[in-house]
Every structure is written in structure tokens, then in C-alpha cells.
Amino acid sequence: MKSECHPSIDSCIFLFILFLFSLSLVDTHNDFLQCFSQQSPNSNSIIFTQNHTSYLSVLNLSIQNPRFSSPSTPKPFVIITPLNASHVQTTIYCTKKSSLQIRVRSGGHDYEGLSYVSDVPFVVLDLTNLRSVSVDLDEKTALVEAGASIGEVYYTIAENSQCLGFPSATANSVGVGGLFSGGGYGAMLRKHGLSVDHIIDAQLVNHEGRILDRISMGEDLFWAIRGGGGASFGVIISWKIRLVSVPQTVTVFTVNRNLEQKATNLVHRWQFVADRLDNDLFIIVRLQAVNSPNKTIQASFISLFLGGVDRLIQILKKGFPELGIVREDCKEMSWIESVVYFAGFPSGSSKEVLLDRTTPFKVPIKGKSDYVKVPIPVDGLEGIWERLFEEEVGMAFIQMTPYGGRMKEIHEWETPFPHRAGNIYKILYVVAVTDECEGIDNVTESIHVNWIRRIYKYMTPYVSKNPREAYLNYRDLDLGRNNNNGTTCYAQASIWGFKYFKNNFDRLLRVKNMVDPTNFFRNEQSIPPYS
């Protein structure tokens, strides 16, 4: 007797299994919603299911990288936007009970979308409503909820004091939840180090739903969340940070030099002085192809000096005269004005622009990172220029961030962030991964992604080795990933783990084993339990 199923019995069985699986997902989703309504009555305003009219707007609001907002990108079953810690506790409880995975989002800047994308059924806990910032001038501290943007932190500090600041990111829309827990660096890096070097307390909700502070979580866990990535260990709901003193007047400049203006020699020389200049002076170099009017490579030297222009000129004349900085290149301003400057807003913008949590021009990007311990020779730099010429103008840039100063004074084991003494500078590679002829859904095989992988391979002889180091907050899944089932062996995890954390990786594994042995908090590059 001929079967009525087509094209085969096997395909019918597969479809039937798929049907049963879809029914089980519906049951799982309903279980979660029922659990949440029972545990947190009158919370409908913070629950956004896929059939909610505001679901997509809530989901996309904090996605800063459109690479992960295409129709084919996996979407969360539900988004929870908690108003208080109890909502976080309820989300954790019901997620565990329903066997769903949880992803925690504070700003949505993560380079691989790990805070709002998953290949298994998941819930997004979006902390955007937990964003208060309060400053204690007597203690010179601030209490910052994890959903706040760093721009909101800077703004609130400046509203309370003109002589206090905080060392952290230059992009104002970055959320502090992930920023602080991964390191956090900016224009005061050489003077004051990283954000994690100034965190003195935190509140975290663990996998059991308990709210822990520094005392109750213990020093091991407190150490782990200051550079090891908070999403591996719990949901951080607030940070207590120690503020730093800033002068009344700082000085900034941006000067551009192309190949015809001896950019190669200047970048080469910068490598020998950038980490040795006065700790008050920070000069990054951004490299990109430009039309000027013919295609060339432009090196932009962008600087913050914690002091006035007169002293800056003296330091540069002695330490980096080749750059040829003159008074007319420089502009004196307040520290908060320099924050607006480095965030890329037009000259004269008020500090209120820092409160904007959205990135004005959202471009799908792929990023990678490196650390340099020995200056790259001239022919090595020329090889970089050749590869930048391969990319279209405006599609890629390379940024070099100087170290030295405070960064070399802190031992690499004091926080999980290990990239300290011995590094001259850090490299960030960024490329836009799509254009009008290339769909976002195909970015994995994008010619632009292939380009960034080729230049990363080219740089191998010139960067750190054994391990080739990388910065956690510039997530890069090319380095490796965990298994979706939550079990990853040590050998597999250590491939990327030692790149981000060096020898601190083993301690992070032991902390994970103590505080989250069932690996409830996990993603593609979370710390797995020690195995």
C-alpha cells in the first residue's frame, strides 16, 4: 500500500518530530509567562512577547550593530525590562524553571550580539530601566545602575562636580553593565587605568536569585566580575565606582597626516614614544583609506592632555617633535567638553548630547583586536597600508591605543583583565560588513569579513604571541566558542580563554565552578565550569 506521505516516510517522521518540538516550545513559553505573572503580579508593562506591538521596537532600540537585527537573526521568546531587582530575580527563577536560556543586555554594543542573540530558546533581560546614577561628593564615589549608559554617568558626574571624572569609554551610548565587567578604557587610560580599576562594590543577582554585594559574594567573585565578564556569573544590577580628579582645563587636538605628509614615518615613530610620554598625555592613532583627492592612507592623531596647552606643547616638543603640533592645532576645554569631543559630536555641542543612548549612524560591523609589544617595522606598516587600500574608502579603520603609564603599574593578576605591562599599544580592527549589493544575512561570507580576517592573519608576526592576546569587550567568535548544550571542555574553552585572560583564565574557571556550577549563565564565550 502506497503511503500518503510525500516524499518519504522518513520526511514525515522528521516533520512530526518538528511539530512535537514546536509544541514543547509553546508549552515552555507559556510556562515562563505563567510563572512570571504568578511571581510578579501587575508586571505586564515590562513583558514583551513576540506578538506584542512594541516587541520589535524594544528589541531593536538597544541593538547598536545592525549586523544582528536581520529577519533571520534568532529572536528572544520574550523581553523583560525590569523596574527593580525583584523583577530580575523573577526572570532568573522563571527562566530556570522553564529551561530557557537568559541573555542580559545593558547597552547592546557587544560586537557579536551575545547579549540579545542565541541559537537556543532564550529570554532577554534588558536593563534599560535600571539606569539611575547618584554621586556622593564627600566620598568621591558614584552608585551606577547597570542599565545606565556611560554618557549618563559622565553627565551626572559633571552636573555635580567640575573637578571629578571617571576613566571609561569614549562612545557615550555604551551600557555600563558589560563595559565595566569587561574592562572599560578611554582617553584617561594612561593616567588612571581602566574602569575596573576603580570599582569598589557591586550588586549581583546569582543563579539562585540572591542579591549579593561585595561582602556577601566574596572577594573571588568580586574579582571575577571586574574584567572577567559579568554575564558568566550572574546579573549585575549596580556598581559603586571611585571617581578620579580631573583638572579644570584639559587640551585636545586632532591632526591628520597622509602618506604624502610622511604618515608612515610618524606612525613608526609614535610606536616608540606613545607609551613613554607624560602620563597626562594620551594620543591614539586611527588609520583609514581616504580620498584626498586621490586615494591615500590617513593617520589621525587624536589626543587628550590633562592640562593646559602651554605644558602640552613643551611635552610634545621634547617627546614627539616629529608630529609638529602647534598651538593652533589645540583647543582648551573642560573635561566634560572633552568627553563630548571624543564621543564625536559637533564642536560646541552641550553635554546633554551624552544622554542620547542611540548611535546616530548604525552600521553593521565586524571587529577584532590585538596587542603589540614590539614596534612594527616600516615595511610591516606598509603592508598594512596595502591591505587598507584593498577596502573601499570609509569601510574600515584600524585604531592604535597607547599603553604605559598607570597600565604598566597594575599587576596583570589584580583583575581578570591581564593586558598590562609589556604592551606598547592595543589594536582595534573594524570593518563595515555590508553594502547595497550585499545582504546582511550573508555577512559570515562577506567580502568585508574576509578582509578583516586576512589582515588579522597578516598581523600575526607583529603582535603578541603565546597567547595572541585579545580584548574581551571586543568579542570575536572567530577565536572559538562554547558548545550550545552548555558543556565545553577545558581544552576547547582555553583556545579563546587564554587570549582574553591569559593565566587568569584558570582562576575564572574555579570561580565559575563555585558560584554557578550548573552553568546557568552562559553564552558562546562565557566562562564554563572547571572540567
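Quick notes on this one:
- Unmet criterion (only one of (1) in contact with a His (Cβ under 9 Å, 6 or more places away or on another chain); (2) outside any strand (DSSP E or B)) for residue 431: (2)
- Long-range neighbours under 7 Å by Cβ, at least six apart or interchain, first residue open to solvent by 60 Å² or more (accessible area, probe 1.4 Å) within the stretch 288-312, second part of a loop (DSSP other than H, G, I, E, B) and not charged (D, E, K, R): 291/393; 295/393
- Of the residues examined, residue 68 is one that is touching a residue at least 40 places away in the same chain (Cβ under 8 Å) and open to solvent by less than 60 Å² (accessible area, probe 1.4 Å).
- Some residue of the stretch 28-36 being modelled with pLDDT of 70 or more, outside any helix (DSSP H, G or I), open to solvent by 60 Å² or more (accessible area, probe 1.4 Å) and closer than 30 Å to residue 203 by Cβ: no
- Qualifying residue in the stretch 421-436 (condition: out of contact with any Gly (no Cβ under 7 Å at 6 or more places or on another chain), modelled with pLDDT under 95 and surrounded by fewer than 17 Cβ atoms within 10 Å (Cβ to Cβ)): yes
- Residue 99 vs. criteria in a loop (DSSP other than H, G, I, E, B), in contact with a Ser or Thr (Cβ under 8 Å, 6 or more places away or on another chain), in contact (Cβ under 8 Å) with a residue 60 or more places away in the chain and on the phi > 0 side of the Ramachandran plot: yes
- The listed residues are 482, 513, 466, and the only one of them that is in a loop (DSSP other than H, G, I, E, B) and open to solvent by 40 Å² or more (accessible area, probe 1.4 Å) turns out to be 466.
- Within the stretch 47-76, the only residue that satisfies the criterion of being in contact with a helix residue (DSSP H, G or I) (Cβ under 6 Å, 6 or more places away or on another chain) and modelled with pLDDT of 95 or more is 48.
- Number of positions in the stretch 209-247 that are surrounded by fewer than 18 Cβ atoms within 10 Å (Cβ to Cβ) and either touching a Cys at 6+ places or on another chain (Cβ under 7 Å) or aromatic (Phe, Trp, Tyr) (or both): 1
- For the stretch 264-299, residues that are farther than 27 Å from residue 167 by Cα, outside any helix (DSSP H, G or I) and touching a helix residue (DSSP H, G or I) at 6+ places or on another chain (Cβ under 6 Å) total 3.
- The listed residue being surrounded by 21 or more Cβ atoms within 10 Å (Cβ to Cβ) and closer than 30 Å to residue 251 by Cα, out of 204, 189: 189
The values are calculated or read from the model by the stated rules, or taken from the named source; none is laboratory data. Here the structure is a predicted model, which is why all the values come from computation and not from measurement. In this analysis, Cβ positions are derived from the backbone assuming ideal geometry, glycine residues included, and neighbour counts consider all displayed protein chains. For the accessible areas, the whole protein counts, side chains as well, though only heavy atoms, and no ligand, DNA or RNA atoms are used. Shrake-Rupley method; radii C 1.70, N 1.55, O 1.52, S 1.80 Å.
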